[in-house]
Each structure stands twice: as structure tokens, then as C-alpha cells.
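Worksheet for the structure shown next.
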Amino acid sequence: MASSSSTTTVTDLISTVHHDIIESHILTRLDGATLASVSCASSYLHHLASNEILWSKICRSTWPSCSGGSRSFFSDAYSMVETAGLVSDLDRPFPELISAVDLHYKGKLIFSRVVKTETTTAWFKSSPLRIDMVDTKDTVATPIKRRRRTEDTCRDLEKDLTLSWIVIDPIGKRAANLSSHRPVSVQRNWISGEVEAQFATVVDTVECVITVVTCGEEEMHVREVSLKVEKMEGTHLNGRDSLVILRSVMEGKRVNGRRREVESKRRHEEFMEKKREMKEKKMRVESVFDILTVAFGILGFVSFVVFCLWRTSI
């Protein structure tokens with residue numbers, strides 16, 4: 001009773017503040033997640049926090065690649081997918097997939113781009129999905145300094161590099177953020193010497209993998225920012241099948257995005273462990289098959305020799 005009374009008192013006090021003050025000097029200072037929480041406090045605050053101009057500014061500041069957005073867009077892009085949804089209207093036209101990508105280092109924007117991918121071509125449907133944000137001939141300059149030890153460089157990137165990759169269905173007006181926000185793994189490619197950071201979202205038995213490749217001896221450059229959809233068996237899905245996965249992500253059950261980093265890394269590690277187990281099982285089966293093949297070959301050869309000796313002795 002006391003708690004209910006104090007809540008009512010606070011609500012009454014807030015309602016006495018002029019709405020212009022709340023809208024202009026209070027709500028504009030909040031981030032999207034806090035604003036969403038505030039809107040649940042009372043019907044009065046819910047009304048004030050439903051201003052789409054306010055949400056458009058928040059979306060633009062959170063994801064600079066997006067020219068604007070609504071409250072529903074923020075909800076889609078901020079939340080994290082818990083389970084994939086069932087896509088009931090597979091025949092619905094899906095002419096293009098929009099990717100809005102923002103890459104930050106220590107909170108400062110170093111790369112932002114929007115790419116539209118046509119999804120109706122035969123090449124897209126049959127080829128393994130790969131969406132590139134950086135042209136193969138270009139690199140993006142960054143303020144990232146390469147440390148003398150590779151381990152230190154990887155540690156810096158794992159701590160300070162953040163990425164958002166929002167896929168948007170312009171027809172269905174749904175969106176989803178496929179990034180884990182911070183890398184799930186950072187390692188050096190021992191062939192090229194480049195440092196690769198991977199961001200990921202696991203959906204059932206597939207993983208949406210975003211790879212950021214950095215190069216350079218002193219000041220590092222971003223050479224690649226790409227998206228692929230990988231099965232647990234190690235193969236990559238083609239465009240048609242990847243589109244079904246992405247749509248199921250957009251239609252799936254969502255949870256609060258505050259634990260995105262921890263939960264994404266946990267799911268990634270579980271996915272990689274199952275992938276290793278599947279690979280080991282496949283190798284054992286192939287090993288048994290090889291042994292049986294050799295055994296039958298030897299048995300056949302011995303049988304042939306015995307048959308020849310038997311014919312000779314007659």
C-alpha cells in the first residue's frame with residue numbers, strides 16, 4: 001500500500017511539470033532504452049514519450065547510418081532475437097534487403113554505410129550469401145593504432161570495437177540487428193597478417209557471421225566488413241535460404257538487448273562447440289568407412305590370390 005501510494009504521489013508530481021519542459025529538457029537527454037522504461041511509468045509519460053520526432057532523433061544518434069526511425073524501429077533494432085519466428089508468407093515479394101551498418105571504436109564512429117541488395121536475381125538466389133560494405137579496392141582509414149604485440153591489438157579491438165548491422169525489410173517494415181555489438185572473437189590471420197574481428201548472432205542451427213578485417217602496420221585500416229550465413233556443418237547458405245533465415249529473425253521472439261554482448265558470445269561458443277563435435281563425429285565416421293574400404297580391398301585381393309592358387313593346383 002505504501003509503495004502504491006508513493007508511486008501515485010510521484011506520478012502526480014510529474015504531471016504538474018509543464019509538458020514542454022519534460023519533452024525538451026528531460027526526455028531528449030535519455031537514451032532509447034531508458035526512454036522506453038520511462039514511458040511505462042504512467043499514461044502521461046507514455047503519451048509524451050510516444051513522440052515520433054523524439055524517437056527519430058534517438059534512432060539517428062544511436063545508428064548514424066539510419067536517416068531516422070520510429071519507436072517500433074528502435075524496438076526491432078535494439079532488441080535481441082531469442083528464437084526464430086515462423087515465416088508464414090514465404091511468397092510475399094521481397095525485392096530488396098537493406099543493410100545499415102555502423103562501426104565505432106572507443107565510442108567514436110569510424111564507418112557508416114547503407115547498402116541495398118537486390119534479392120530477385122538468379123545470382124543472388126543460387127550463390128552463397130555475402131554482403132560487402134567496403135569495395136574490394138578500397139580501405140577505410142581509422143584512428144586505431146596497431147600495438148607491437150598482436151595479442152595486445154586483438155585485446156584492444158575486442159574491448160573497444162563495436163558494430164551494428166541492421167537488416168531491414170522495407171515491404172514488411174521489420175528490422176533486426178544481427179551484430180553481437182562487441183566481437184565474439186578477434187584473431188590474426190597468420191597467412192595475410194591481418195586482424196579479423198567476428199560479430200555473430202546464432203539462430204537455431206545457423207549463425208549470421210559479420211567479419212571486420214583490419215590491416216596496416218601502424219595506423220590500421222578497415223579492408224572488409226561482410227555478412228555471411230553459415231550452417232553448423234560449415235557450409236554457407238545461398239541467398240534464397242539466407243533470406244528465409246533473415247525473415248525468421250525479424251519475425252522471431254525478442255528479448256531486451258542490454259545483455260546482447262554476453263548472450264551472443266555464449267551462444268557463439270556453444271555453436272562452435274557443437275560445430276567441433278559434429279566435425280569430429282564426421283571424421284570418425286569417415287575413418288571407419290576408410291578402414292572398412294581398406295579391409296574389403298584386402299579381403300578381395302586375398303580372395304583373388306587364393307582363387308588363382310586354387311586354379312593353378314587343379
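Rounded to two decimals, what is the ratio between the C-alpha radius of gyration of region 158-201 and 2.2 N^0.38 Å?
Details: Rg = 13.9 Å, N = 44, 2.2 N^0.38 = 9.3 Å.
In units of the globular-protein estimate, region 158-201 measures up at 1.50.
Quick one: how many Å² of residue 25 are accessible to a 1.4 Å probe, rounded to 10?
The accessible area of residue 25 comes to roughly 110 Å².
So what are the ³J(HN,Hα) numbers for region 263-273, from phi and the Karplus equation (6.51, -1.76, 1.60; θ = phi - 60°), rounded to whole Hz, Gly and Pro as x?
Along region 263-273, the couplings run 5, 5, 5, 4, 5, 4, 5, 5, 4, 5, 5 Hz.
Please give the net charge around residue 152, taking every other residue with its beta carbon less than 11 angstrom from that of residue 152, where Lys and Arg add +1 and Asp and Glu add -1. Show your work: numbers first, answer last.
Details: positive: 145, 146, 147, 148, 149, 155, 159; negative: 151, 156, 158.
In short, +4.
If you wrap a convex hull around the C-alpha atoms of region 78-171 and split its volume per residue, what is the figure in Å³?
Hull volume over Cα atoms, normalised by residue count, gives 168 Å³.
Heavy atoms only, probe 1.4 Å: what % of the accessible area of the chain goes to carbon and sulfur, would you let me know?
On the way: 10520 of 18470 Å².
After summing per-atom areas, the C and S share lands at 57 percent.
Expressed as an acute angle from 0 to 90° and rounded to the nearest 10, what is the orientation of the C-alpha long axis of helix 239-251 relative to the principal long axis of the chain?
The two axes meet at around 40 degrees.
If you count only protein heavy atoms with a 1.4 Å probe, what accessible area per residue comes out for region 143-235, rounded to a whole Å²?
Details: 4150 Å² over 93 residues.
Result: 45 Å² of accessible area for each residue.
Estimate the FRET efficiency between residue 191 and residue 282 by the formula 1/(1 + (r/R0)^6), using the beta-carbon distance for r and 30 Å for R0, to the nearest 0.05.
Details: r = 25 Å, r/R0 = 0.83.
Result of the calculation: an efficiency of 0.75.
In whole Å, how far is the Cα centre of region 288-305 from that of region 115-133?
For region 288-305 versus region 115-133, the Cα centre distance is 47 Å.
Estimate the FRET efficiency between residue 253 and residue 301 by the formula 1/(1 + (r/R0)^6), using the beta-carbon distance for r and 45 Å for R0, to the nearest 0.05.
On the way: r = 60 Å, r/R0 = 1.32.
Between residue 253 and residue 301 the formula returns 0.15.
Give the shape of region 33-141 as rounded, prolate or oblate, defined through the alpha-carbon gyration tensor: a ≥ b ≥ c are the square roots of its eigenvalues, a/c under 1.5 means rounded, and otherwise the shape is prolate if a/b is larger than b/c and oblate if not. Walk me through the intermediate numbers first.
On the way: a/c = 2.64, a/b = 1.42, b/c = 1.85.
It is oblate, given that a/c is not under 1.5 and a/b is not larger than b/c.
As a quick test, which of the pairs 137/275; 106/279; 106/265; 137/265; 57/274; 125/279 have an alpha carbon distance above 30 angstrom in this structure? Present the calculation step by step, with values, prior to reporting the outcome.
Numbers: 137/275 33 Å; 106/279 37 Å; 106/265 20 Å; 137/265 32 Å; 57/274 42 Å; 125/279 27 Å.
The answer is 137/275; 106/279; 137/265; 57/274.
For residue 21, tell me the accessible area in Å² from a 1.4 Å probe, rounded to the nearest 10.
About 80 Å², rounded to the nearest 10.
How big is Rg to Rh over region 245-314, alpha-carbon atoms, Rh as the Kirkwood inverse-mean-distance radius? Could you put the intermediate results ahead of the total?
Working: Rg = 26.7 Å, Rh = 17.4 Å.
With Rh from the inverse mean 1/r over Cα pairs, Rg/Rh is 1.53.
Report, in deg cm²/dmol and to the nearest 500, the calculated mean residue ellipticity at 222 nm for the chain, where each DSSP H run with n ≥ 4 adds -39500 (n - 2.57) and the sum is divided by the residue count. Spell out each step's value before the answer.
Numbers: 9 runs with 129 residues, N = 314.
Per the formula, -13500 deg cm²/dmol.
Can you tell me how much longer the chain between residue 238 and residue 43 gets when fully stretched, taken as 0.36 nm per residue apart minus their C-alpha distance, in nm with one decimal? Each step should come with its number before you reach the end.
Numbers: separation 195, 0.36 × 195 = 70.20 nm, distance 4.70 nm.
Length gained between residue 238 and residue 43: 65.5 nm.
Under a cut-off of 17 Å between alpha-carbon atoms, report the lysines in cross-link reach of residue 108, not counting same-chain residues fewer than 8 places apart.
Qualifying lysines at Cα under 17 Å: 145, 159.
Relative to the present Cα-Cα distance, how much length would full extension add between residue 16 and residue 70 at 0.36 nm per residue of separation? Please report the intermediate quantities before stating the final value.
Numbers: separation 54, 0.36 × 54 = 19.44 nm, distance 2.78 nm.
Between residue 16 and residue 70, full extension yields an extra 16.7 nm.
Let me know the shape class of region 198-314, please: from the alpha-carbon gyration tensor, a ≥ b ≥ c as square roots of the eigenvalues, rounded when a/c is under 1.5, otherwise prolate if a/b is greater than b/c, or oblate. Can you show the working numbers first?
On the way: a/c = 3.66, a/b = 2.62, b/c = 1.39.
Prolate, since a/c reaches 1.5 and a/b exceeds b/c.
Find, to one decimal place in angstroms, the Kirkwood hydrodynamic radius of the chain, where the mean of 1/r is taken over every pair of different Cα atoms and then inverted.
Values: mean 1/r = 0.0435 Å⁻¹.
It is 23.0 Å.
The values are calculated or read from the model by the stated rules, or taken from the named source; none is laboratory data. The structure displayed is predicted, hence computed values, not measured ones. Methodologically, a virtual Cβ is constructed for each residue, glycine included, from the backbone with ideal geometry; neighbour enumeration extends over all protein chains shown. Side chains included, ligands, DNA and RNA excluded: accessible areas come from the protein's heavy atoms. Shrake-Rupley method; radii C 1.70, N 1.55, O 1.52, S 1.80 Å.
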